[in-house]
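Some notes on the structure that comes next.
The values are calculated or read from the model by the stated rules, or taken from the named source; none is laboratory data. Just so it is clear, the model here is predicted, and its values are computed rather than measured. FYI the Cβ positions are ideal-geometry reconstructions off the backbone, even for glycines, and counts take in every protein chain you see. For the accessible areas, the whole protein counts, side chains as well, though only heavy atoms, and no ligand, DNA or RNA atoms are used. Shrake-Rupley method; radii C 1.70, N 1.55, O 1.52, S 1.80 Å.
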Amino acid sequence: MSAETMSVFSPALAARFDLLVEKYPLRRSALVPMLLYAQDEIGYLSDAVISEIAHRIGITELDVRNVATYYSMLRFKPVGRYNIQVCTNISCMLRGAYDLFDRFQEELNIGNKGVTPDKIFSLEEVECIGACCWAPAIQVNYDFHDELKPELVPGLLDGYRGRALAESEAKNA
Amino acid sequence: MPRLVSHPDEVKIVTKRFGLGAAEINRYVELGGYESAKKCLAQGPEWIIEEMKASSLRGRGGAGFPTGMKWSFVPKQSAKPKYVLVNGDESEPGTCKDHLIFLHDPHSVIEGTIIAGLAIGSKLGFIYLRGEYRYLIEIMEKAVADAYAKGFLGKNIFGSDTEFNIITQTGAGAYEVGEESALMESLEGKRGVPRIKPPFPAVVGLYGGPTVINNAETIATVPHVIAMGGAAYAAVGTPRNGGTRLFCLSGHVERPGVYELPMGYNLRKMIYEVAGGVRGGGKLKAVVPGGSSTPVLLPEEIDIGMDFDQVGKAGSMLGSGGVVVIDDTTCIVEFALRTISFYQHESCGRCIPCREGTDWLKKSLTRFHAGFGEAKDIDNIQYLAENMMGRTFCPLGDAAAMPTLGFVKKFRKEFEDHLNGKPCPFAKHVEIAMV
């Protein structure tokens with residue numbers, strides 16, 4: 001990328017990517033981290049994101065898509081501002097993960113991989129997130145919530161809803 | 001922040017700095033940190049490898065390969081650069097020990113990586129963490145930056161003329177990437193599909209160079225082995241199974257948590273004393289001893305020492321240290337279904353026995369659990385699983401087949417109880433929604 005203005009990314013992320021591709025013995029080692037960090041900023045891997053990453057690394061868009069479709073955290077359409085990932089794998093299942101997942105579905109009125117109409121929340125059943133001894137565990141974006149009980153779900157959602165409102169107010173101010 | 005637990009039977013070696021603020025570099029140094037790396041720098045590679053061999057430390061990722069021997073396989077002379085790769089892709093269901101190491105003691109991972117680098121003559125190490133561990137990646141990145149600032153990493157480590165660098169790397173969601181060759185593929189910016197072996201990574205690994213790949217817990221143990229001396233570390237465990245291990249007790253126990261216990265610690269004691277027994281005074285039904293891929297043990301089979309050899313002799317595996325305890329309110333068919341659903345979801349699809357096998361097993365078990373099974377399905381499930389064993393590039397096929405075989409063989413009666421349209425006897429039907 002010659003000029004920052006051409007980038008789909010913020011100047012900070014574009015600068016980070018400039019360093020990242022030079023860090024490894026091979027440029028394309030930066031691919032998986034770049035896809036994830038790009039998704040964190042843009043929300044999903046749009047055509048423009050894929051195109052720019054392909055260009056930055058020096059590989060084809062098809063090659064980027066081929067890699068991106070392998071990894072379960074990478075997505076090609078937007079999710080909610082707060083993506084709720086409920087682990088239902090064995091350790092969490094034994095401690096009530098499906099009751100928890102049901103409660104989220106009821107409270108949000110969406111199913112697996114659904115997005116709320118206000119786009120604040122999305123919900124996803126996920127595989128083991130490495131919090132087995134603190135089950136049942138969930139992640140909201142990257143934040144872990146350990147030993148969560150269904151009755152704590154409404155309060156948790158209220159907290160994130162408040163954050164989302166504060167964020168949009170700050171943006172409009 | 002994940003809860004820390006403790007028990008008087010614990011021998012705290014790897015966990016001894018947990019909860020003491022050792023993620024901060026000055027605190028780590030104050031607690032004796034980086035002394036082992038300095039000692040190794042003075043002693044040289046042969047001495048390091050001999051200490052590691054004497055420690056009988058075996059790989060904590062699951063396979064249990066002796067670490068010292070693994071390092072000794074790397075050729076001394078190599079036209080291509082050599083690499084150290086730390087596997088922090090921790091994804092085996094039931095396992096969350098590396099999570100705590102990255103959180104509480106990131107510098108032990110860095111120090112262990114430096115020592116591995118010195119042992120094999122490498123100038124570059126990678127610490128690869130699963131993408132879901134973003135907050136831990138940030139902790140590791142800060143720790144690495146602090147180590148550079150102190151001169152512990154870089155062109156002249158600890159004021160010597162030896163160079164060593166570390167790059168932290170994030171994954172983006174893939175169990176398969178925990179397999180060493182798939183991990184290298186991912187780090188090279190590709191799909192995490194395994195490579196056929198040989199050649200082994202010690203000869204042709206990352207970027208084609210000789211590569212040592214160790215689990216994060218193994219690497220975090222290395223500085224302690226050096227500090228204690230290999231023989232002293234070995235003496236903590238059982239023969240050929242040196243030291244301690246971080247056991248992740250989860251499921252239906254009273255006090256779940258990560259406990260550091262000597263290798264060979266009795267499994268029954270681990271469940272009933274260390275973890276406080278089955279929750280609510282319930283009845284034990286089964287134990288998955290080493291992460292979801294290891295065959296299940298019955299209550300009468302748990303009077304065993306938890307080391308690689310004894311658990312192997314009992315027909316299962318010590319695996320990754322994830323001890324999942326199951327009480328008698330649990331439907332084993334449902335548990336088997338949830339287990340296979342995971343492997344079906346994670347199979348990369350390259351090897352047909354794994355791709356097709358996991359898919360058919362999931363379909364069969366889904367139908368079976370819903371009450372639409374037939375008697376022949378039980379044998380069919382077993383036949384399918386048996387035919388996956390040993391027929392795939394990487395161990396994912398085995399990892400899916402082994403637990404399934406265990407459930408069918410040891411809980412055949414429970415499978416039979418689901419037959420002929422009967423509902424699940426536990427009446428708690430769960431829709432497995434994963435696709």
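With the other protein chains left in place, how much accessible area per residue, in square angstrom, belongs to the protein assembly as shown at a 1.4 angstrom probe?
38
Say R0 is 25 Å: what FRET efficiency, to the nearest 0.05, do B:Leu31 and B:Ala145 get from their beta-carbon distance?
So the FRET efficiency works out to roughly 0.80.
Using a Förster distance of 22 angstrom, determine the FRET efficiency expected from the C-beta separation of A:Ala170 and A:Glu147, and round it to 0.05.
Efficiency, from the Cβ-Cβ distance: 0.10.
Of all the accessible heavy-atom surface of chain B, with the other protein chains kept in place and a 1.4 Å probe, what percent is carbon and sulfur?
That share works out to 55 percent.
Given H placed 1.01 Å from N in the peptide plane, which residues other than close sequence neighbours of A:Arg75 have an amide H under 5 Å from its amide H?
Residues meeting the amide H criterion: A:Leu45.
Leaving ligands, DNA and RNA out of it, work out the accessible area of A:His145 with a 1.4 Å probe and give it in Å² to the nearest 10.
Around 40 Å² of this residue is reachable by solvent.
With all protein chains present, how much of the accessible area of the range A:82-172 (probe radius 1.4 Å) comes from carbon and sulfur, to the nearest whole percent?
Ligands and nucleic acids excluded, carbon and sulfur give 49 percent.
In a solvent-free Debye calculation with one equal scatterer on each Cα, what is log10 I(q)/I(0) for the range A:82-172 at q = 0.18 Å⁻¹, listed in the order of the q values?
-0.73
Say R0 is 45 Å: what FRET efficiency, to the nearest 0.05, do A:Ala15 and B:Glu374 get from their beta-carbon distance?
Result of the calculation: an efficiency of 0.15.
Accessible area drop of at least 40 Å² (1.4 Å probe, protein heavy atoms): which residues of the range A:130-149 qualify, relative to the chain alone?
A:Gly130, A:Cys132, A:Cys133, A:Trp134, A:Tyr142, A:Phe144
Run the quick spin-label model on B:Ile352 and A:Asp102: label points 7 Å from Cα toward the beta carbon, then report their separation in nm to one decimal.
4.2
Using a 1.4 Å probe and ignoring any ligands, DNA or RNA, find the accessible area of B:Ser364 and quote it in Å² to the nearest 10.
Its accessible surface works out to 20 Å², give or take rounding.
Using Cα-Cα distances under 8 Å and only pairs 6 or more residues apart, what relative contact order does the range B:1-107 have, in percent?
The normalised contact order for the range B:1-107 reaches 36 percent.
Could you tell me the relative contact order of chain B? Use alpha-carbon pairs under 8 Å, at least six residues apart, and round to a whole percent.
16
One-quarter of the Cα convex hull surface for chain B, in nm²?
With the hull built on Cα positions only, its mean projection is 19.6 nm².
Using +1 at the Cβ of each Lys and Arg and -1 at the Cβ of each Asp and Glu in chain B, identify which of B:Val325, B:Pro2, B:Leu153 lies farthest towards the dipole's positive end.
B:Leu153
Threshold 30 Å², probe 1.4 Å: give the residues of the range B:334-354, in number order, that are less accessible with all protein chains present than with their chain alone.
Buried on complex formation: B:Phe335, B:Arg338, B:Phe342.
In the range B:137-185, what residues drop by 50 Å² or more in accessible surface going from the chain by itself to the full protein assembly, probe 1.4 Å?
Relative to the lone chain, where solvent access is computed with a 1.4 Å probe, the range B:137-185 loses at least 50 Å² at B:Ile167, B:Gln169, B:Thr170, B:Ala172.
Rounded to whole Å and ordered largest first, report the semi-axes of the equivalent ellipsoid of the range B:332-417 derived from its Cα gyration tensor (root of 5λ).
21, 12, 11
Which three numbers, in whole Å and largest first, are the semi-axes of the equivalent ellipsoid of the protein assembly as shown derived from its Cα gyration tensor as √(5λ)?
After scaling each eigenvalue by five and taking roots: 36, 32, 24 Å.
How tilted is helix B:396-410 with respect to the longest principal axis of chain B? Cα atoms for both, answer in degrees (0 to 90, nearest 10).
Approximately 40 degrees, to the nearest 10.
Ignoring ligands, DNA and RNA and using a 1.4 Å probe, state the total buried accessible area between B and A in Å², rounded to the nearest 100.
4600
For the range B:120-164, what's the relative contact order in percent, using C-alpha pairs closer than 8 Å and at least 6 residues apart?
Across the range B:120-164, relative contact order equals 31 percent.
With no solvent and one point on each alpha carbon, what is the Debye value of log10 I(q)/I(0) for the range B:308-354 at q = 0.16 Å⁻¹?
Ignoring solvent entirely, the Cα scatterers give -0.71.
I'd like the carbon and sulfur percentage of the solvent accessible area for the range A:1-72, probe radius 1.4 Å, heavy atoms only, ligands and nucleic acids excluded.
56
Taking only complete DSSP H runs, can you tell me which helices of chain A stretch 20 Å or more along their own long axis by Cα positions and average at least 0.5 on the Kyte-Doolittle scale?
Span-like helices in chain A: none at all.
Once you place label points 7 Å from the Cα toward the Cβ at B:Glu24 and B:Lys283, how far apart are they in nm?
The answer from the label model is 5.3 nm.
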